[in-house]
Amino acid sequence: MADVQTSGAAITFDKLGKSFDKKGSGKVMALEDISLDVAPGTITGIIGRSGAGKSTLLRMVNGLEQPTAGTVTVAGHDVGRAGAAELRRIRRDVGMIFQHFNLLSSRTVYGNVALPLEIAGVPGAEIKRRVDDLIGRVGLEQFSNRYPAELSGGQKQRVGIARALATQPKVLLSDEATSALDPETTQTVLKLLADINRDLGLTILLITHEMAVVRDIASHVAVIDGGRIVEAGQTYDVFAAPQHPTTRSFLAGITGITLPSFIAGKLQAERPQGESQEVIRITFAGTHATDPMLAKLTSELGIPVNILAGAIEEIGPHPFGNLLVSVDATRGAEARAYLQRHELLTEVLGYVG
Amino acid sequence: MSANLINLLIEATLQTLYMVAISGALGTLFGLPIGVYLAVSQRGELLSSPWVNKVLGLIVNAARSVPFIILVVAIIPFTRMIAGTSIGTTAAIVPLTIAAVPFIARLVENAIREVDSGLIEAARAMGATPFQIIRKVLVPEALPGITLGLTLAVVSLIGYSAMVGAVGGEGLGDLGIRYGYQRFMPEVMLAVVVILIVLVQLVQSLGEGLARLVDKRAPRNRGR
């Protein structure tokens, strides 16, 4: 399999599947029919709940797990069919960082970063030059001779990142790299990853269960549920118009817009008899995100709007807003049509009597 | 106690140290790689070969099942083949080593298995060969455990060395039996026991000190 067609992608999953033999119950499908192109130089987030199979998916990129169907191609190499020696060469082009850092406790910061270079057989003087440079890049010059036990979680992950970059890989895999860190440290580690992506043009594939991580650094996202990719695309598009319920539930967690409980409790799917309010989710995206659309709705159509919850934030450079409002149910359709004409996305959540 | 007896005690102590040091060194030389192999050849591990592992494990268990005093006499022909004689301190090193190898192998195996599997995964992800993983990850990371295991093995060897009087191995145990017991000289028995206690204490303290030195897992106390 020397001539795998190159689509220009850094990583290509093609109908990839993975099943495990389980005693008593035959085969268990962990992943099914995964097809995804990861473009070079992008940060792609794969998000899913624990047990969704995202960790297995990541491990197939560097051959830590073997696919049972389909292929995964990294820089033209079919990882699943690579022999032991070829696999070791591929792995030097694919760095990896871990949730629990996986640093050697017996080695200093310097020794940990030097390890992949020793393994690759790089000469000593070259190792020193590169390790010093990497430790500088992640801002740990003062800690070069410390042992991991003497470092904070954020510092350990910086060592992990420096170590993963040591062999100058083209791809960096991140296995829940910030899940063991507090929110503040998470931000600094994510910023470091974004800087590395920008400065080195490194392709980053990360898995996470936190939509906030995807929002903060990923340009592309794939949502995985029950072993399948249920939604994929540019992060902004997916956030603006989530199609799958799993995506929506992940988004609800970070956009801070769930209905207040006193309304959620009274929400009905069908419009009731008599007077009622229609509860609508409005997603502001792109150029209209900052327009005063609700004020216009009231002034131009004379429809009063109750704001129930809402937030405006940024995904990459784009503003992105999400509002939950209610309007008189008899005028709901009119209001939604007006908003849709102005390129806002609307979704009826239900009715309150 | 006469000067003659004191000379005998010094000589017996040196004999014990000699037997324990050589058999400990040889036991480590053979036991360490066997222990590493026992750990990495388990099913699903780095050099997974469950059948070889099973057979090797059975041999190790069999060797450990034989009471030491029986081992000493049972392997006399083998001892003669290796050491040229079946009597004396040097000859006693053969059964001591044979007892030490499987014991040390199991202790090393346990220490290696304690190493976080995440570290093996990280090394594999770097493109390391199994041998590089053993040399650069497993053994260095298991070193505190291995050091404590070897300490335990040396302490046991000091005890075993007391039995090799049966084949003229001499040393402290033999002196205690011949003078302290058979000639009924309780002061010799007492002296032997005290020297053995001191030896074991020294070995234990030294081993624990070394283990602390190579253990970088806990932050060192900086008065925080």
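Considering the range B:137-150, the residues that are within 15 Å of the chain's Cα centre (by Cα) and crowded, with 22+ Cβ neighbours inside 10 Å include one that is farthest from A:Ser55 (Cα to Cα), namely B:Leu150.
Do we have A:Lys156 as over 19 Å from the mean Cα position of the chain (by Cα), in a helix (DSSP H, G or I) and charged (D, E, K, R) here?
Working: over 19 Å from the mean Cα position of the chain (by Cα): yes; in a helix (DSSP H, G or I): yes; charged (D, E, K, R): yes.
Considered against the rule, which asks whether it is over 19 Å from the mean Cα position of the chain (by Cα), in a helix (DSSP H, G or I) and charged (D, E, K, R), A:Lys156 comes out as yes.
Residues of the range B:1-33 being polar (S, T, N, Q) and without any contact (Cβ under 8 Å) to a residue 60 or more places away in the chain, which ones?
Initial filter on the range B:1-33 (polar (S, T, N, Q)): B:2, B:4, B:7, B:13, B:15-16, B:23, B:28.
Hits for the range B:1-33 are B:Ser2, B:Asn4, B:Asn7.
Scanning the range B:1-42 for residues that are more than 19 Å from B:Asp174 (Cα to Cα) and not small (Gly, Ala, Ser) yields B:Leu26, B:Thr28, B:Leu29, B:Phe30, B:Leu32, B:Pro33, B:Ile34, B:Val36, B:Tyr37, B:Leu38, B:Val40, B:Gln42. When A:Ser219 is tested against (1) within 20 Å of A:Arg49 (Cβ to Cβ); (2) of a type in the set (S, T, N, Q); (3) in contact with a strand residue (DSSP E or B) (Cβ under 7 Å, 6 or more places away or on another chain), exactly one condition is not met: (1). Look through the range A:112-133, keep the residues that are of a type outside the set (A, V, I, L, M, F, W, C) and under 14 Å from A:Ala162 (Cα atoms), and return whichever of them is nearest to the other protein chains (Cβ to nearest Cβ). Checking each candidate, the answer is A:Pro116.
Does B:Ser65 qualify as being loosely packed, with under 14 Cβ neighbours inside 10 Å and within 19 Å of the chain's Cα centre (by Cα)? Yes.
This table checks each residue for (1) within 22 Å of A:Leu115 (Cβ to Cβ); (2) crowded, with 22+ Cβ neighbours inside 10 Å; (3) under 14 Å from the mean Cα position of the chain (by Cα); (4) in contact (Cβ under 8 Å) with a residue 60 or more places away in the chain.
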position	(1), (2), (3), (4)
B:Leu96	no, yes, yes, yes
B:Glu109	no, yes, yes, yes
B:Ile112	yes, yes, no, yes
B:Gly127	yes, yes, no, no
B:Arg135	yes, no, no, no
B:Leu157	no, yes, yes, yes
B:Val164	no, yes, no, yes
B:Ile177	no, no, no, no
B:Tyr181	no, no, no, no
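Residue check: is A:Gly70 assigned by the TED database to the domain that holds A:Gly201, surrounded by fewer than 23 Cβ atoms within 10 Å (Cβ to Cβ) and without any contact (Cβ under 8 Å) to a residue 12 or more places away in the chain? Let's see the steps before the verdict.
Working: assigned by the TED database to the domain that holds A:Gly201: yes; surrounded by fewer than 23 Cβ atoms within 10 Å (Cβ to Cβ): yes; without any contact (Cβ under 8 Å) to a residue 12 or more places away in the chain: no.
Criteria not met by A:Gly70.
Among strands (runs of 3 or more DSSP E) entirely within the range A:4-63, having at least 1 residues that are in the same structural domain as A:Ala232 (by the TED database) and out of contact with any strand residue (DSSP E or B) (no Cβ under 8 Å at 6 or more places or on another chain) singles out A:26-38.
Just checking, does the range A:78-92 include any residue being assigned to a loop (DSSP other than H, G, I, E, B) and more than 14 Å from chain B (Cβ to nearest Cβ)? Scanning the range A:78-92, I find no residue that is assigned to a loop (DSSP other than H, G, I, E, B) and more than 14 Å from chain B (Cβ to nearest Cβ), so the answer is no.
Does the range A:195-208 contain at least one residue that is crowded, with 22+ Cβ neighbours inside 10 Å, of a type in the set (A, V, I, L, M, F, W, C) and assigned to a helix (DSSP H, G or I)? There is no residue in the range A:195-208 that is crowded, with 22+ Cβ neighbours inside 10 Å, of a type in the set (A, V, I, L, M, F, W, C) and assigned to a helix (DSSP H, G or I). The criterion of at least 3 residues that are at pLDDT 95 or above, on the phi < 0 side of the Ramachandran plot and out of contact with any helix residue (DSSP H, G or I) (no Cβ under 6 Å at 6 or more places or on another chain) is met, among helices (runs of 4 or more DSSP H) falling completely within the range B:125-224, by B:139-161, B:186-214. Report yes if A:His77 is touching a residue at least 12 places away in the same chain (Cβ under 8 Å) and surrounded by fewer than 20 Cβ atoms within 10 Å (Cβ to Cβ), otherwise no. For A:His77, the condition - touching a residue at least 12 places away in the same chain (Cβ under 8 Å) and surrounded by fewer than 20 Cβ atoms within 10 Å (Cβ to Cβ) - is not met. Against the test of being within 14 Å of another protein chain (Cβ to nearest Cβ) and more than 24 Å from A:Glu32 (Cα to Cα), the options A:Pro169, A:Pro183 yield a single qualifying residue, A:Pro169. Go through A:Gly124, A:Gly111 for me and flag whichever is at pLDDT 95 or above, closer than 20 Å to B:Thr129 by Cα and out of contact with any helix residue (DSSP H, G or I) (no Cβ under 6 Å at 6 or more places or on another chain). Step by step, each of A:Gly124, A:Gly111 is checked, and only A:Gly111 is at pLDDT 95 or above, closer than 20 Å to B:Thr129 by Cα and out of contact with any helix residue (DSSP H, G or I) (no Cβ under 6 Å at 6 or more places or on another chain).
All of (1) surrounded by fewer than 19 Cβ atoms within 10 Å (Cβ to Cβ); (2) touching a residue at least 24 places away in the same chain (Cβ under 8 Å); (3) of a type outside the set (Gly, Ala, Ser); (4) within 24 Å of A:Gln99 (Cβ to Cβ) hold for A:Phe20 with one exception: (2).
For (1) surrounded by 20 or more Cβ atoms within 10 Å (Cβ to Cβ); (2) at pLDDT 85 or above; (3) among the acidic types (Asp, Glu); (4) in the same structural domain as A:Ala337 (by the TED database), each residue gets a yes or a no:
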position: A:Arg248; (1), (2), (3), (4): no, no, no, no
position: A:Gly265; (1), (2), (3), (4): no, no, no, yes
position: A:Thr283; (1), (2), (3), (4): yes, no, no, yes
position: A:Gly286; (1), (2), (3), (4): no, no, no, yes
position: A:Thr290; (1), (2), (3), (4): no, no, no, yes
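Every residue, every condition in (1) among the polar types (S, T, N, Q); (2) part of a helix (DSSP H, G or I); (3) within 8 Å of another protein chain (Cβ to nearest Cβ); (4) closer than 30 Å to A:Thr12 by Cα, yes or no:
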site: A:Phe101; (1), (2), (3), (4): no, no, no, yes
site: A:Tyr110; (1), (2), (3), (4): no, yes, no, no
site: A:Gln142; (1), (2), (3), (4): yes, yes, no, no
site: A:Ala164; (1), (2), (3), (4): no, yes, no, yes
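The values are calculated or read from the model by the stated rules, or taken from the named source; none is laboratory data. Owing to the predicted nature of the structure, the values given are computational and were not obtained by experimental measurement. Reconstructed Cβ throughout: ideal geometry from the backbone, glycine too, with neighbour counts over all protein chains shown.
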